[in-house]
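Trainee: Once you've had a glance at the structure underneath, I'll fire off some questions.
The values are calculated or read from the model by the stated rules, or taken from the named source; none is laboratory data. Note that the structure is a prediction, hence the values are computed from the model and not measured. Here Cβ is always computed from backbone atoms with ideal geometry, including for glycine, and neighbour counts include all displayed protein chains. Quick note on the areas: whole protein, heavy atoms, side chains included, nothing else; ligands and nucleic acids left out. Shrake-Rupley method; radii C 1.70, N 1.55, O 1.52, S 1.80 Å.
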Amino acid sequence: MIRAFDTAYFMISTDTLADNTAFAQKESADFPILADPTKEVAKKYGVLADYSRFKLGELASRWTFYIGADGKILDIDRKVNPGSSGEDVVTHLKALKIPSSKTQ
């Protein structure tokens, strides 16, 4: 469980705030989902992929960024599997030696 670690976690989507709110409610998300409809943050993190050949425009790739307390990127998982992402994040946090939460 991600909460067992001394970390903050959230998701950023290029969808609108309304779409993200609906998604969070539908999925019972217990973490913040930030809206980036202008794709400004996505561009800065280099996650946009061009799907214009499929008439979809630019879409954000599903990547997980592990950012240290100092703001530096510790690692990037570019092969996120939505079906196992929670377990994958826990495995990654352990490998990065992120300490356990003091509230657990």
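Trainee: How large, in percent, is the carbon and sulfur part of the accessible surface of the stretch 1-89 at a probe radius of 1.4 Å?
Mentor: Ligands and nucleic acids excluded, carbon and sulfur reach 54 percent.
Trainee: Loop only per DSSP, at most 12 neighbouring Cβ atoms within 10 Å: give me the chymotrypsin sites (Phe, Trp or Tyr not before Pro) in the stretch 1-103, ordered by residue number.
Mentor: When the chymotrypsin sites (Phe, Trp or Tyr not before Pro) of the stretch 1-103 are filtered for loop state and at most 12 Cβ neighbours within 10 Å, Phe10, Tyr51 remain.
Trainee: Excluding ligands, DNA and RNA, what is the solvent-accessible area per residue of the chain at a probe of 1.4 Å, expressed in Å²?
Mentor: Accessible area per residue, the chain: 74 Å².
Trainee: A further question on this structure: Between the helical axis of 17-27 and the dominant principal axis of the chain, each derived from Cα atoms, what acute angle in degrees is found, rounded to the nearest 10?
Mentor: That helix lies at roughly 50 degrees to the long axis.
Trainee: If the chain between Lys39 and Asn81 were fully stretched, how many nm would it gain, using 0.36 nm times the residue separation less the Cα-Cα distance?
Mentor: Full extension from Lys39 to Asn81 adds 12.9 nm.
Trainee: Determine the principal axes of the Cα atoms in the chain, then give the extent along each, sorted from largest to smallest and rounded to whole angstroms.
Mentor: Computed over the chain, the largest-to-smallest principal extents equal 46, 28, 26 Å.
Trainee: Turning to a different aspect of this structure: Take the Cβ-Cβ distance between Lys94 and Phe31 as r, set R0 to 25 Å, and report the resulting FRET efficiency rounded to the nearest 0.05.
Mentor: 0.85
Trainee: Using DSSP to call loops (not H, G, I, E or B), can you name the trypsin sites (Lys or Arg not before Pro) in the stretch 1-63 whose Cβ has at most 12 other Cβ atoms within 10 angstrom?
Mentor: Sparse-neighbourhood loop trypsin sites (Lys or Arg not before Pro): Lys55.
Trainee: Still on this structure, I have one more. Pull up the DSSP beta bridges for the stretch 6-104 and report the antiparallel fraction as a percent, rounded to 5.
Mentor: Of those bridges, close to 70 percent are antiparallel.
Trainee: Now for a separate question. Hey, can you grab everything whose amide H is under 5 Å from the amide H of Asp15? Only 5+ residues off in sequence or another chain; H modelled, so Pro and N-termini drop out.
Mentor: Those qualifying (amide H under 5 Å, at least 5 residues apart or on another chain) are Asp36.
Trainee: For the stretch 88-93, take each phi angle, set θ = phi - 60°, evaluate the Karplus expression 6.51 cos²θ - 1.76 cosθ + 1.60, and give the result in whole Hz per residue in order, putting x for glycine and proline.
Mentor: After applying 6.51 cos²θ - 1.76 cosθ + 1.60, I find 5, 4, 4, 4, 5, 4 Hz.
Trainee: State, to one decimal in nm, how far the label point of Thr16 lies from the label point of Leu59, with both points 7 Å from Cα in the Cβ direction.
Mentor: For Thr16 paired with Leu59, the spin-label model returns 2.0 nm.
Trainee: Taking the dipole about the Cα centre of the chain, with the C-beta of Lys and Arg at +1 and of Asp and Glu at -1, give me whichever of Thr16, Leu59, Pro32 is farthest to the positive side.
Mentor: Of Thr16, Leu59, Pro32, it is Leu59.
Trainee: So, taking all protein chains as they sit and a 1.4 Å probe, how much accessible area belongs to Val80, in Å² rounded to tens?
Mentor: 40 Å²
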